[in-house]
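*Asks:* Input: one structure, supplied below.
The values are calculated or read from the model by the stated rules, or taken from the named source; none is laboratory data. Just so it is clear, the model here is predicted, and its values are computed rather than measured. Here the Cβ positions follow ideal geometry from the backbone for every residue, glycine too, while neighbour counts run over all protein chains shown. All accessible areas refer to the heavy atoms of the entire protein, side chains included, with ligands and DNA or RNA removed. Shrake-Rupley method; radii C 1.70, N 1.55, O 1.52, S 1.80 Å.
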Amino acid sequence: MNRIYNFSAGPSTLPVEVLQEAQAELLDYQGLGLSIMEDSHRSKAYDAVHNEAIANIRDLLGMNDDYAVLFLTGGASGQFAMVPMNLLGKGQVADYTNSGAWAAKAIKEARVVGAVNVIADCGKEIPTRVPRVDELQFTEDAAYVHITSNETISGAQWKSFPETRAPLVADMSSDILSRPMDVSKFGLIYAGAQKNLGPAGVTLVIIRKDLAERVSDRVPLYYRYKTHIAENSLYNTPPCFAIYIVMLVTRWLKQGGGLNAMAERNERKAKTLYAAIDAGDFYRGTAIPEHRSTMNVTFRLPSEELEAKFVKEASARRMSGLKGHRSVGGIRASIYNAMPEAGVDALISFMKEFEHKNG
Ligand SMILES: *Cc1c(COP(=O)(O)O)cnc(C)c1O
């Protein structure tokens, strides 16, 4: 096997054990003589996969029955639209926090649907951060409050979540299942799978069921959460194979000790990498320390030329995906759940060597 360390922000690295298992049963799923991706989504075998994926997520997050777990399509970007379509009634206002590029896209889409009040805005600040809980100016009777728990591009992350009177809605695409959290604080959580959950093509939605009843009857059936709750995400053909991989990833998480164990490992990886950045003046972190993401570690080098050289030489050392997002430049190391500690250690040794030669 000749695998590289893949620091890509998404689609991103998956646990090697999961890929091996998927490979082993790709042609002949559990003796059925076909691949799970070839099987009907109404089959007994697929049903078990689908329901285990849901059960694993419920179990990892310790959710109660007030919440539904849905597998939809359209990515987190689809949820930018579906959230206001379902939750933002006529004459109502939704509160949004702007913490960066992804929050800004969510805001832009919500404005197509209804009235939005941006209750805190640090989206363009450098160094990057997310809003502080004490600067949020909630609208009275807001339909909901939207946050982006981890800004994948800027590398800033909410470390604790605000108490809100209106239902709290979170885009958790890039840090879902990276740490334990209290689902009961949220009305709705959504995440594209391709960062921390599995391959692209499936979108996880966790929704408090009563909120799904808010939807107006002018919203087409397909775009109502209610429709998918009633059919256990089998209203139409779901992305079966992507859900199968999510099932294997969540099984892997459970076998590894659940979210406490994962959070500990993620903290350790992030801490050592940020310590390497802070060790001298050569590397500079781009997020303010209190808001530094444990998932997407963003930093700069003294010049753009050195950054380009860094990416190129890292790639020759079998470390890929380190180029920062095209909108901001710099370096970004995405160290999601599936990135082993050895990958972070390899990156740190390369950083030391690179600084030694170029500093
Ligand atoms: C990647 C990402 C998105 C966009 O996800 P798609 O599945 O491509 O629509 C939205 N929000 C955040 C925080 C992301 O990291």
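*Asks:* Rounded to whole Å and sorted largest first, list the principal axis extents of the Cα atoms in the range 98-167.
*Replies:* 32, 26, 15
*Asks:* So, in nm, how far is label Glu231 from label Leu136 when the simple model puts each one 7 Å beyond its Cα toward the Cβ?
*Replies:* 3.4
*Asks:* How large a share of the accessible area of the chain, in percent, is made up of carbon and sulfur atoms when the probe is 1.4 Å and the other protein chains stay in place?
*Replies:* Numbers: 8060 of 15900 Å².
That share works out to 51 percent.
*Asks:* Using helices alone, what [θ] at 222 nm do you get for the chain, with -39,500 (n - 2.57) per DSSP H run of 4 or more residues, divided over all residues and rounded to the nearest 500?
*Replies:* Result for the chain, helices only: -11500 deg cm²/dmol.
*Asks:* Could I ask something else about it? Consider all pairwise Cα distances in the range 1-143 and report the whole-number % of them above 18 Å. If you can, show how the numbers build up before the last one.
*Replies:* Values: 7454 of 10153 pairs.
That fraction is 73 percent.
*Asks:* Please give the contour-minus-distance gain from Lys159 to Arg317: 0.36 nm per residue of separation, less the Cα-Cα distance, rounded to one decimal in nm.
*Replies:* On the way: separation 158, 0.36 × 158 = 56.88 nm, distance 3.30 nm.
Computed gain between Lys159 and Arg317 is 53.6 nm.
*Asks:* Right, something else. According to a simple spin-label model (label point 7 Å from Cα along Cα-to-Cβ), what is the distance in nm between Arg3 and Ala308?
*Replies:* 3.3
*Asks:* So what's the net charge close to Asn196: Lys and Arg +1, Asp and Glu -1, counting the other residues with Cβ under 14 Å from its Cβ?
*Replies:* On the way: positive: Arg179, Lys195, Arg265, Lys269; negative: Asp171, Asp175.
Once positives and negatives cancel, what remains is +2.
*Asks:* Rank these residues by their accessible area, most exposed first, probe 1.4 Å: Leu248, Leu27, Leu34. Before the final figure, lay out the partial values.
*Replies:* On the way: Leu248 5, Leu27 145, Leu34 45 Å².
Ranked from most to least accessible, the order is Leu27, Leu34, Leu248.
*Asks:* Can you return the lysines within cross-link range of Lys108? Criterion is Cα-Cα under 28 Å, with same-chain partners fewer than 8 residues away left out.
*Replies:* Once the sequence-local lysines are set aside, what remains near Lys108 is Lys90, Lys124, Lys159, Lys185, Lys195, Lys209, Lys226, Lys323.
*Asks:* Could I ask something else about it? Based on the alpha carbon coordinates of the range 1-79, what radius of gyration and maximum Cα-Cα distance (Dmax) apply, in Å?
*Replies:* Both quantities, over Cα of the range 1-79: 15.7, 45 Å.
*Asks:* State, to one decimal in nm, how far the label point of Arg42 lies from the label point of Asp210, with both points 7 Å from Cα in the Cβ direction.
*Replies:* 3.5
*Asks:* What do you reckon, how do Ser216, Ser99 stack up by accessible area (1.4 Å probe), largest on top?
*Replies:* Values: Ser216 40, Ser99 0 Å².
Final ranking, largest accessible area leading: Ser216, Ser99.
*Asks:* Sort Leu234, Leu19 by accessible area with a 1.4 Å probe, largest first. Intermediate results must be reported in sequence, preceding the final value.
*Replies:* Details: Leu234 20, Leu19 65 Å².
Greatest to least solvent exposure: Leu19, Leu234.
*Asks:* Between the range 175-206 and the range 33-60, what's the alpha-carbon centroid distance in Å?
*Replies:* 18
*Asks:* Can you tell me the accessible area per residue over the chain, all protein chains present, probe 1.4 angstrom, in square angstrom? Numbers along the way, then the final one.
*Replies:* Values: 15900 Å² over 359 residues.
Value for the chain: 44 Å² per residue.
*Asks:* Not counting ligands, DNA or RNA, and with a 1.4 Å probe, what is Leu61's accessible surface area in Å² rounded to the nearest 10?
*Replies:* In the full protein context, Leu61 sits at about 10 Å².
*Asks:* Please report the spacing between the Cα centers of the range 226-301 and the range 119-158 in Å, no decimals.
*Replies:* 19
*Asks:* If you filter the range 76-171 for trypsin sites (Lys or Arg not before Pro), then keep DSSP loop positions with at most 11 other Cβ within 10 Å, what is left? It would help to have the intermediate numbers written out before the result.
*Replies:* Working: sites: Lys90, Lys105, Lys108, Arg111, Lys124, Arg129, Arg132, Lys159, Arg165; in loops: Lys90, Lys124, Arg129, Arg132, Lys159, Arg165.
Within the range 76-171, the qualifying trypsin sites (Lys or Arg not before Pro) (loop, at most 11 other Cβ atoms within 10 Å) are Lys90, Lys124, Arg165.
*Asks:* How much of Lys309 can a 1.4 Å solvent probe reach, expressed as accessible area in Å² and rounded to 10?
*Replies:* The accessible area comes out at roughly 80 Å².
*Asks:* Pick out which of Asn260, Asn56, Asn98 has the largest mean-square fluctuation in a Gaussian network model of the chain, springs linking Cα atoms closer than 10 Å.
*Replies:* Top of the fluctuation ranking is Asn260.
*Asks:* Okay, next question. Where does the charge balance sit around Asp217 when Lys and Arg score +1, Asp and Glu -1, over other residues with C-beta under 13 Å from its C-beta? Display every interim value, and only then the final one.
*Replies:* On the way: positive: Lys90, Arg214, Arg218, Arg224, Lys226; negative: Glu213.
Result for the neighbourhood of Asp217: +4.
*Asks:* Moving to a separate point now. For the range 17-255, compute Rg over Rh where Rg is the Cα radius of gyration and Rh is the Kirkwood radius from the inverse mean 1/r over Cα pairs. Present the calculation step by step, with values, prior to reporting the outcome.
*Replies:* Values: Rg = 18.2 Å, Rh = 18.5 Å.
Over the Cα atoms of the range 17-255, Rg/Rh equals 0.99.
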